[in-house]
Amino acid sequence: MGSRYDKLFAALHEKNEGAFVPFFMLGDPTPAASLDIIRTAVAAGADALELGVPFSDPVADGPTIQASHIRALDGGTTLDSAVDQVRRIRAEFPNLPIGMLIYGNVAFARGLQRFYAEFADAGADSILLPDVPVREGVPFVAAAKEAGIDPIFIAPARAAERTLAGVAKHSQGYVYAISRDGVTGTEKESETTGLKEVVTSIRRFDGPPVLVGFGISSPQHVADAIAANAAGAITGSAITTIIDRHVSRETSCAGKIDNVEALHAELTEFISTMKEATKK
């Protein structure tokens, strides 16, 4: 029996579509609000989810997603509550691939075996640690495989052959490819010009399907990723910006959404449009 990722990519291939995968920070702006947001995303056409666990020093993230870490932490989200949220999402969406994006210190503090086992038990399919390069990934890969979690690694822009080979070898489920250096949320509108080169370089090493992240903020970016032979695209900062725009700025209303209906309508429109762009 194949993994949820295997089944998803096979089904999309039959329909001549790519995958659209939105990123959400668990607990942003509150645990209840984030679960409702995720429900809206799935209803709007999300093929899979990438979910973050808030951390106090998110070095790979730009200001927009850093703010979501802070909101979630301020709202009381912890590793334990994040695991519980994953469990609830899995119960509602039994066939949806769920990937986690979590910083390496969180895994170390928990203990690698316990960390991966808890997320596997909750129903997560994969875990990406953005601050752990593949050259340092051996203990993480071992613990992930023991728990039945797919380890995901980033294929950096302009990576050396050895790095790409390692990413392709040790990633399961998919490879997270980026077409530029830097942190999330700082891209310019036109920055998708290196996609084909990045995807082609990774695919030479016969790894799992490639999803492109960093700089994916418009339907054209998604279409460019699919045209570059990626299996799909991941969007984080653009979605987090939508959420941020609807969170109250009143200090007495921390974590409150000013207009819930407007937020969900905007998310539905954005995600459905991005999904439509995956169709070849």
Margin query: Being farther than 25 Å from residue 232 by Cα, open to solvent by less than 20 Å² (accessible area, probe 1.4 Å) and at pLDDT 95 or above is the requirement here; does residue 83 meet it?
Written below: yes
Does residue 28 satisfy the condition of being within 17 Å of residue 238 (Cα to Cα), of a type in the set (Asp, Glu) and touching a residue at least 24 places away in the same chain (Cβ under 8 Å)? yes
When (1) of a type outside the set (D, E, K, R); (2) touching a strand residue (DSSP E or B) at 6+ places or on another chain (Cβ under 8 Å); (3) more than 29 Å from residue 16 (Cβ to Cβ); (4) modelled with pLDDT under 90 are applied to residue 130, the one that fails is (4)
Here, helices (runs of 4 or more DSSP H) confined to segment 211-280 with at least 3 residues that are charged (D, E, K, R) are 260-276
By residue number, the members of segment 1-32 that are open to solvent by less than 30 Å² (accessible area, probe 1.4 Å) and farther than 21 Å from residue 274 by Cβ are 27, 29
How many residues of segment 53-77 are at pLDDT 90 or above, within 17 Å of residue 127 (Cα to Cα) and either open to solvent by 10 Å² or more (accessible area, probe 1.4 Å) or among the small types (Gly, Ala, Ser) (or both)? The answer is 1
Expected single match for out of contact with any Asp or Glu (no Cβ under 8 Å at 6 or more places or on another chain), open to solvent by 10 Å² or more (accessible area, probe 1.4 Å) and in contact (Cβ under 8 Å) with a residue 12 or more places away in the chain among 239, 257, 202 is 257
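The values are calculated or read from the model by the stated rules, or taken from the named source; none is laboratory data. Since the model is a prediction, treat every value here as computed from it, not as a measurement. Note that each Cβ is placed from the backbone with ideal geometry, even for glycine, and that neighbours are counted across all protein chains shown. Heads up: the accessible areas ignore ligands, DNA and RNA and are worked out on the full protein's heavy atoms, side chains in. Shrake-Rupley method; radii C 1.70, N 1.55, O 1.52, S 1.80 Å.
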